[in-house]
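Note sheet for the following structure.
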Amino acid sequence: MGSQIAELICMNDTQHFAKLIKDIKFAMLNTLNARGQITSRPMTLQQIEFDGALWFFASKTSEFVKDIENNHEVNLTFSNPKDMSFTSANGEAVVINDENKKNELWKPMYQAWFPEGLNDPNLCLLKISIHSADYWEAPGLKIVRLMAFAKAAITGKSGDLAGKHGHLN
C-alpha cells in the first residue's frame with residue numbers, strides 16, 4: 001500500500017511538472033564546469049510529452065557537453081511570464097547519439113544552429129532525467145496580482161504577493 005501511495009505522489013508530481021513547463025519553449029541549462037563554476041546557457045526544449053525526462057539538441061564539441069560528461073548533475077530553470085510561474089529542476093544529464101530519437105525530435109528550424117542538419121557528425125541529444133523541482137506560482141489572475149501589488153504599496157503590508165511555492169519529486 002505504501003509503495004502505491006508513493007507512486008501516486010510521484011505521478012501527481014510528474015503531471016504537475018509537465019503542466020508547469022507545458023507552454024515553455026526555452027530553459028536555462030546550468031552545469032558545473034571544470035573550474036567548479038556554474039555556467040548557464042539557453043536551450044530549446046523539445047516539446048514531447050514529459051515522462052520524467054527532457055530532451056535537447058546539442059553539439060558534441062560544445063563546452064557544456066564536456067561539462068556534462070564530467071559531471072552529470074545539472075539544473076534547468078524555466079520562466080513563464082504569461083502566468084508568472086517559475087520552476088527550477090534538478091536532474092541527471094547524459095549525452096546520447098540515437099538516430100531514431102534525433103529524427104523524431106528534429107525540426108527544420110534547427111538547421112540555423114546545425115547547418116548540416118541530421119547529418120552533422122557533432123549533433124547529439126541531451127537526455128535530462130528530472131529528479132526534483134521547486135516551483136513558484138504567482139497568485140491569481142494578472143489583475144488580482146496588480147491589485148495585490150497596489151495594496152501592498154499603499155498599506156506597506158506585502159499580503160499574499162509571494163504566491164504558491166512547492167517541491168516536486
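What to note about this one:
- Of all the listed residues (67, 51, 83), the sole one being over 23 Å from residue 168 (Cβ atoms) and either in contact with an Asp or Glu (Cβ under 8 Å, 6 or more places away or on another chain) or charged (D, E, K, R) (or both) is 67.
- Test: residue 109 is surrounded by fewer than 16 Cβ atoms within 10 Å (Cβ to Cβ), over 16 Å from residue 44 (Cα atoms), modelled with pLDDT under 95 and of a type outside the set (Val, Ile, Thr): no
- Residues in the stretch 12-60 that are among the aliphatic types (A, V, I, L, M), within 27 Å of residue 100 (Cβ to Cβ) and either modelled with pLDDT under 85 or in a loop (DSSP other than H, G, I, E, B) (or both): 24, 45, 48.
- Just one of the numbered conditions (1) part of a strand (DSSP E or B); (2) over 18 Å from residue 24 (Cβ atoms); (3) aliphatic (A, V, I, L, M) is not true of residue 133: (2).
- Any hit, the stretch 153-162, residues being in a loop (DSSP other than H, G, I, E, B), surrounded by 11 or more Cβ atoms within 10 Å (Cβ to Cβ), at pLDDT below 95 and among the acidic types (Asp, Glu): yes
- Here the stretch 75-113 is the region considered, the condition is being among the aliphatic types (A, V, I, L, M) and part of a helix (DSSP H, G or I), and the residue that is nearest to residue 56 (Cα to Cα) is 105.
- Residues being exposed (fewer than 10 other Cβ atoms within 10 Å of the Cβ) and assigned to a helix (DSSP H, G or I) - total across the stretch 114-130: 1
The values are calculated or read from the model by the stated rules, or taken from the named source; none is laboratory data. Keep in mind the model is a prediction, meaning the values are calculated, not measured. Backbone-built Cβ (ideal geometry, glycine too); neighbour counts: all protein chains shown.
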